[in-house]
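The structure appears below as structure tokens.
The values are calculated or read from the model by the stated rules, or taken from the named source; none is laboratory data. All values reported here derive from a predicted model rather than from experimental measurement. Ideal geometry is used to build each Cβ from the backbone, glycine not excepted, and the neighbour counts take in all protein chains shown. For the accessible areas, the whole protein counts, side chains as well, though only heavy atoms, and no ligand, DNA or RNA atoms are used. Shrake-Rupley method; radii C 1.70, N 1.55, O 1.52, S 1.80 Å.
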Protein chains: 2
Amino acid sequence: MATNLGNYTLNLDTSPSLLSFAAVGSKKEAEGPIGKQFDIINEDSLFGQKTWELAEGQMQKIAAEKALEKAALSPGEIKMLFAGDLLNQITASHYGLRELGIPFIGLYGACSTMSQSVILASMMVEGGLINRGMAVTSSHFCSAERQYRFPLEYGGQRPPTAQWTATAAGAVIVGQSSAPPYIRRVCVGTIENKNVKDLTNMGAAMAPAAAQTLSRFFADTGTGPDNYDVILTGDLGQVGSDLLSQLMEREGYKLEGKHADCGLILFDRDTQKVDAGGSGCGCAAAVLCAYLLPAMRKGKVNEVLFMATGALMSPTSVQQGQDIPGIAHLMHLSTSPKAGGG
Amino acid sequence: MATNLGNYTLNLDTSPSLLSFAAVGSKKEAEGPIGKQFDIINEDSLFGQKTWELAEGQMQKIAAEKALEKAALSPGEIKMLFAGDLLNQITASHYGLRELGIPFIGLYGACSTMSQSVILASMMVEGGLINRGMAVTSSHFCSAERQYRFPLEYGGQRPPTAQWTATAAGAVIVGQSSAPPYIRRVCVGTIENKNVKDLTNMGAAMAPAAAQTLSRFFADTGTGPDNYDVILTGDLGQVGSDLLSQLMEREGYKLEGKHADCGLILFDRDTQKVDAGGSGCGCAAAVLCAYLLPAMRKGKVNEVLFMATGALMSPTSVQQGQDIPGIAHLMHLSTSPKAGGG
């Protein structure tokens, strides 16, 4: 049974495991610092489909099937599927995952979706409501650009605060097991806004939400940055990461040496022309599944805070002059034996 | 602790209660058959806002605040908020509910959102993960028409299979209580598709999903239509309702005299020019909160299946020639004492 810690944090007393995970990417992701760690790379970003939107769904399907294969599970052994993406009406998830035939919960959390979906799956497993759940998300540079910004053919200029949407997907299966990594604690975020209105500066829009969730988690648990090997956010990029450090310092927490951001891990800013870094639901998903979780399995990092962040605007809301709300959901992942948790 | 019934149905052994609920509507909804039962009617569908999108968010906020007021609860006493709507990036929910400051899970289930959100909240309460959850959704005729079909000013003709998007919102608070109505069982749907491609015939797109979920629930529980006072779907409209009856008859279940549809309750097809009936997340939400749940509290109906249905396409997916997948999530609501449940 779960235990409340403070006002916002939930201790998962049974500490469900991340049983299996898989990451799918395309050419630019393959060329990045963690390119060799993806389970599947398809250099043609159409993934054999007719449209970018179907390609994005296909990535989700491939990631989900790979995660199932790695766990030697069939779709029928997954009780519930939590998935979402950046597309209007999350069609990548609907069209990509429908053939799996798993009871489906559609989510929209923008780039926070990987945290949101894994947290929901793990809470459901913790509460004995399902024995296994799967969390899947994706983003695709081509489908996102034309929906949120400009048609690709237009060749619009990008300001240096802009981030580059990853063409990637990740899938995680959650269930009970004695094998780490475990999900020990979760902290679901609230919607925060600090009057940022610039559609090309998502990092600044999301950093206040990240700071809010992280501060609450530290307060609720009586811990601080020193208790963790790494605090991995996604995807604040360089601008948002700098802002998060400043905001946390005001709260009395120094993140230096502990903080990393998925948007700065997936791509090399010096050589890959991604401006402030990577973004998109698929960025945090891929860094979690291709980089962080394998490192935890190998024992390279043991106590980790993973916090995917989302910017909750739409092109319509921005055109109508509204500011950009942000959200951040945090999960504490651990490899230490369950008896020591709590 | 929840118990699995068959492959798809979950018995909520503690049978959480729908503690409080509220419905908000506008002029056309007020003129309909259940118009006098709304908690709040605002005849000006702008709800004091500058845009239809903000108006829709405002409806959600008003519904949520009314549900809180009726339960004498503050936002801080709700552990988690499950909300979504039809707008791109569910901005009605994000902008409308952000001031509540409740940990937020954004959902996209199209018109199935009311079932989806109440089911998630009740599962979380059942599992002891939260003590109270709130489920909120909405739709707005003006924001939906311009996003999904044509600008209002264009005055496009509507075929008779079309449904009329409700301008309405509903909010439900779920928690443990000895007072009915209770949520006894839930059945989360899978994504179904039968190659329907007509954006003006959502009923036909959703009926196969409704039939699938309902058949599974009957099989899992060993029950049939006779075990329930009413089976309320939303929003199949007239076309989808007829199709559901036919599909269920093939499975050996006669729905006659038991089935009703939210889209045919909210509006009067004979006098209100809504073609095949009402639709939109707000339709099922309003009929649940203004009509069904008050009737259960008064003991007029006691064993109810409520199944909101969603069409999971986007305008982009339809323009690209894709078919329209549907989904339906079912919950069994009951007023009979908890000891008799299970």
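How about segment A:251-331: which trypsin sites (Lys or Arg not before Pro) there are in a DSSP loop, with at most 13 other Cβ atoms within 10 Å of their Cβ? Intermediate values should be presented prior to the final figure.
Working: sites: A:Lys254, A:Lys258, A:Arg269, A:Lys273, A:Arg297, A:Lys298, A:Lys300; in loops: A:Lys254, A:Lys258, A:Lys273, A:Lys298, A:Lys300.
Hits after loop and neighbour filter: A:Lys254, A:Lys273, A:Lys298, A:Lys300.
Give me the percent relative contact order of segment B:53-184, please, defined on Cα pairs under 8 angstrom at least 6 residues apart. If you can, show how the numbers build up before the last one.
Numbers: 232 pairs, mean separation 40.9, N = 132.
So the answer I get is 31 percent.
For q values of 0.12, 0.22 Å⁻¹, compute log₁₀ I(q)/I(0) with the Debye formula on a Cα-only model of segment A:181-242, without solvent.
Values, matching the q order: -0.34, -0.99.
Can you run phi through the Karplus equation (6.51, -1.76, 1.60; θ = phi - 60°) for segment A:38-47 and list ³J(HN,Hα) in whole Hz, with x for Gly and Pro?
Values per residue, Gly and Pro as x: 5, 5, 9, 10, 10, 5, 7, 6, 7, 6 Hz.
Would you mind getting me the FRET efficiency between A:Thr3 and A:Asp268? Use the beta-carbon distance for r and R0 = 51 Å, nearest 0.05. All intermediate terms of the calculation are to be shown ahead of the outcome.
On the way: r = 42 Å, r/R0 = 0.82.
FRET efficiency, A:Thr3 to A:Asp268: 0.75.
Can you give the Rg to Rh ratio of segment A:3-175, both from alpha-carbon atoms, with Rh computed by the Kirkwood formula? Present the calculation step by step, with values, prior to reporting the outcome.
Details: Rg = 16.7 Å, Rh = 16.7 Å.
Here the Rg-to-Rh quotient is 1.00.
Can you list residues from other chains, or at least 5 along the same chain, whose modelled amide H is less than 5 Å from the amide H of B:Leu5?
Here the answer is B:Leu10, B:Asn11, since their amide H atoms fall under 5 Å of that of B:Leu5.
Check each residue of segment B:174-222 and keep those whose accessible area, probe 1.4 Å, is at least 10 Å² smaller with all protein chains in place than in the chain alone; give them in order of residue number.
Residues of segment B:174-222 that lose at least 10 Å² of accessible area once the other chains are added: B:Val188, B:Gly189, B:Thr190, B:Ile191, B:Asn193.
Quick check: Cα centre of segment A:48-126 to Cα centre of segment B:152-228, how many Å?
The two parts, judged by their Cα centres, are 22 Å apart.
Taking R0 as 45 Å, what FRET efficiency do you get between B:Lys338 and A:Ala30 from their Cβ-Cβ distance, rounded to the nearest 0.05?
Working: r = 56 Å, r/R0 = 1.24.
For B:Lys338 and A:Ala30, the calculated efficiency is 0.20.
Round to a whole number: what % of the accessible area of chain B belongs to carbon and sulfur, probe 1.4 Å? Present the calculation step by step, with values, prior to reporting the outcome.
Numbers: 5280 of 11050 Å².
Here it works out to 48 percent.
Return the subset of A:Lys70/B:Lys254; B:Lys70/B:Lys338; A:Lys79/A:Lys338; A:Lys273/B:Lys197 for which the Cα-Cα distance in this structure is over 32 Å, preserving the input order.
The pairs that break the limit, which is 32 Å between Cα atoms, are A:Lys70/B:Lys254; A:Lys273/B:Lys197.
Expressed in nm to one decimal, what extension gain is obtained for the pair B:Glu43 and B:Glu99 from 0.36 nm per residue of sequence separation less their Cα-Cα distance?
Roughly 17.8 nm would be gained on extension.
Quick one: if you stick a label point 7 Å off each Cα along the C-beta vector at B:Gln176 and A:Glu249, how many nm between them?
Calculated label separation equals 4.6 nm.
Using Cα-Cα distances under 8 Å and only pairs 6 or more residues apart, what relative contact order does segment B:182-334 have, in percent? Before the final figure, lay out the partial values.
Numbers: 297 pairs, mean separation 59.2, N = 153.
Once normalised by length, the contact order is 39 percent.
Any residues in segment A:89-112 that have 50 Å² or more less accessible area with all protein chains than in their chain alone, probe 1.4 Å, and which are they?
So the qualifying set is A:Gln89, A:His94, A:Tyr95, A:Arg98, A:Pro103, A:Phe104, A:Ile105, A:Tyr108.
What whole-number value in Å² describes the accessible area per residue of the protein assembly as shown for a 1.4 Å probe? Kindly include the intermediate steps, with their values, before the conclusion.
On the way: 22080 Å² over 684 residues.
Accessible area per residue, the protein assembly as shown: 32 Å².
Could you work out the percent of alpha carbon pairs in the protein assembly as shown separated by over 37 Å, rounded to a whole number?
On the way: 69180 of 233586 pairs.
Every Cα pair in the protein assembly as shown considered, those over 37 Å come to 30 percent.
Would you kindly compute the Cα radius of gyration of chain B and its largest Cα-Cα separation (Dmax), both in Å?
Rg then Dmax for chain B, in Å: 18.2, 57.
What is the Rg over Rh value, at two decimals, for segment A:44-146, using alpha-carbon atoms and the Kirkwood definition of Rh?
Values: Rg = 13.3 Å, Rh = 13.7 Å.
With Rg and the Kirkwood Rh in hand, the quotient comes to 0.97.
Do you know the relative contact order of chain B, to the nearest whole percent, from alpha carbon pairs under 8 angstrom that are 6+ apart? Don't skip to the answer; put the middle values down first.
Numbers: 913 pairs, mean separation 85.5, N = 342.
About 25 percent, as a whole number.
Straight distance only, please: which aspartates and glutamates reach the Cα of B:Lys258 with their own Cα at less than 20 Å, same-chain residues fewer than 8 apart left out?
Counting by Cα, and skipping residues close in sequence, B:Lys258 has these aspartates and glutamates nearby: B:Asp220, B:Asp226, B:Asp229, B:Asp235, B:Asp242, B:Glu249, B:Asp268, B:Glu303.
How many Å² of accessible surface get buried when B and A come together, counting both sides, probe radius 1.4 Å, rounded to the nearest 100? Each step should come with its number before you reach the end.
Working: alone 13430 and 13410 Å², together 22080 Å².
Approximately 4700 Å², summed over both chains.
Relative to 2.2 N^0.38 Å, what does the C-alpha radius of gyration of segment A:5-51 come to as a ratio? Two decimals please.
Working: Rg = 17.7 Å, N = 47, 2.2 N^0.38 = 9.5 Å.
Ratio of Cα Rg to 2.2 N^0.38 Å: 1.86.
For segment B:182-334, go through all pairs of different Cα atoms, get the mean of 1/r, take its inverse, and jot down that Kirkwood value in Å. Could the numbers behind the result be given before it?
Values: mean 1/r = 0.0645 Å⁻¹.
Over segment B:182-334, the inverse of the mean reciprocal pair distance is 15.5 Å.
Closest to the A-onto-B rotation axis, which residue of chain A has its Cβ, and how many Å off the axis is it?
Closest Cβ on chain A to the axis mapping it onto B, in Å: A:Gly127, 1.
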